[in-house]
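I have placed the structure first, in the form of structure tokens, so that the comments after it can refer back to it.
FYI, it's all coordinate maths here, none of it is from the lab. If you're wondering where the values come from, they're calculated on a predicted model, not measured in any experiment. Glycine gets a Cβ as well: all are built from the backbone with ideal geometry, and neighbour counts include every protein chain shown.
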Amino acid sequence: MSGIVRYLTHPQVLIDPARQVPRWSLNETGRARVAALAAHPGVLSQTRRVISSDETKALETALPLAAALGVEVEVRPRMHENDRSATGFLPPDAFEKVADEFFANPSRSVRGWETAEAAQTRIVEEVDACLDTDARGDVLFVGHGGVGTLLFCALSGEKIDRRFDQGPGGGGCWFAFDSERRKPAHGWRPMETLISAASI
């Protein structure tokens with residue numbers, strides 16, 4: 001029996017150049033957005049599994065939602081964001097330029113970053129592995145914008161391209177697909193739309 005699978009990115013983070021990026025936490029705005037969704041799960045109410053990256057910001061998104069839904073979080077370390085440890089923190093302008101190169105040259109490592117092709121293969125393998133083990137009910141994946149975009153491209157049959165990115169605004173976006181057909185039903189939407197019964 002098929003279910004609806006949703007991929008949700010963590011919302012706004014507290015940028016801390018002194019900490020490793022995977023250990024960044026949500027900022028006040030990000031926490032408030034998660035709390036609002038946890039208080040009114042809306043269309044997530046049929047979710048039977050919550051599966052998260054092990055990065056702090058993803059877990060801080062997944063844990064309150066899982067608690068509200070009465071399920072445990074399944075942690076999948078290989079769902080992490082594209083590996084950018086070679087550069088560490090980059091100021092916003094510099095980051096955007098490197099991110100543009102990352103998507104534009106998917107087979108090439110840009111400044112030591114994991115390639116887009118490698119990151120895409122990894123996230124697709126993780127999603128497939130999770131969905132192949134249990135197809136009961138709806139599933140919520142909680143992760144990151146970069147690999148989320150790569151997943152969206154793969155499921156859509158599109159070449160890797162940043163035009164499929166979730167866009168500006170700090171994250172906290174989602175898309176959905178059927179667990180059997182595995183084709184996105186729509187593009188990225190703000191997490192607040194999950195509160196509405198009209199959302200997929």
(message) Taking θ = phi - 60°, what integer Hz values does the Karplus form 6.51 cos²θ - 1.76 cosθ + 1.60 yield along segment 177-194, in sequence order, with x for Gly and Pro?
(response) 8, 6, 5, 8, 6, 6, 10, x, 7, 5, x, 5, 9, x, 4, 4, 5, 5
(request) Taking 7 Å along the Cα-to-C-beta vector as the label spot, tell me the Thr133-Glu96 distance in nanometres, rounded to one decimal. (result) 3.9
(request) Return the long-range amide H neighbours of Leu8 (sequence gap of 5 or more, or a different chain), with a cut-off of under 5 Å between placed amide H atoms. (result) Phe141, Val142, Gly143
(message) In Å, what Kirkwood hydrodynamic radius results for segment 147-200 from the alpha-carbon pair distances?
(response) 11.8
(request) Enumerate the amide H contacts of Asp83 below 5 Å, restricted to partners 5 or more residues apart or on another chain; note that Pro and chain-start residues carry no placed amide H. (result) Glu114
(request) Multiply the residue gap between Ala185 and Asp161 by 0.36 nm, knock off their C-alpha separation, and tell me the result in nm, one decimal place. (result) 6.8 nm
(message) Using the Karplus curve 6.51 cos²θ - 1.76 cosθ + 1.60 with θ = phi - 60°, what ³J(HN,Hα) values do you get for each residue of segment 106-118, in whole Hz, with x for Gly and Pro?
(response) x, 8, 10, 6, 9, 6, x, 5, 3, 6, 5, 5, 5
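Would you kindly calculate the translational diffusion coefficient of segment 34-118, applying Stokes-Einstein with the Kirkwood radius from alpha carbon pairs, for 10 °C and a viscosity of 1.306 mPa s, and quote it in µm² s⁻¹ without decimals? If you can, show how the numbers build up before the last one.
On the way: Rh = 14.9 Å.
The diffusion coefficient I find is 107 µm²/s.
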(message) Using a 10 Å cut-off around each Cβ, can you sort Ile160, Ile195 from fewest to most neighbouring Cβ atoms?
(response) Ile195, Ile160
(message) Show me, for segment 2-16, the HN-Hα J-couplings you get by feeding each phi into the Karplus relation (A = 6.51, B = -1.76, C = 1.60, θ = phi - 60°), rounded to Hz, glycine and proline as x.
(response) 7, x, 8, 10, 10, 10, 10, 8, 5, x, 3, 10, 8, 6, 9
(message) Along the Cα→Cβ direction, 7 angstrom out, place labels at Arg78 and Ile195. What is the inter-label distance in nm?
(response) 3.7
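Helix-derived [θ] at 222 nm for the chain: sum -39500 (n - 2.57) over DSSP H runs of at least 4, divide by residue count, nearest 500? Each step should come with its number before you reach the end.
Values: 5 runs with 69 residues, N = 200.
So the helix-based figure for the chain works out to -11000 deg cm²/dmol.
If you take the Cα Rg of the chain and divide it by 2.2 N^0.38 Å, with N the number of residues, what do you get? Show your work: numbers first, answer last.
Working: Rg = 15.8 Å, N = 200, 2.2 N^0.38 = 16.5 Å.
Normalised by 2.2 N^0.38 Å, the Cα Rg of the chain equals 0.96.
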(message) List the residues, sorted by chain then number, that are 5 or more residues from Ser109 or on another chain and whose placed amide H is less than 5 Å from its amide H.
(response) none
(request) Would you mind getting me the FRET efficiency between Thr87 and Ala32? Use the beta-carbon distance for r and R0 = 35 Å, nearest 0.05. (result) 0.70
(request) Could you state the orientation-averaged shadow area of the convex hull built on the Cα atoms of segment 110-200, in nm² to one decimal? (result) 6.6
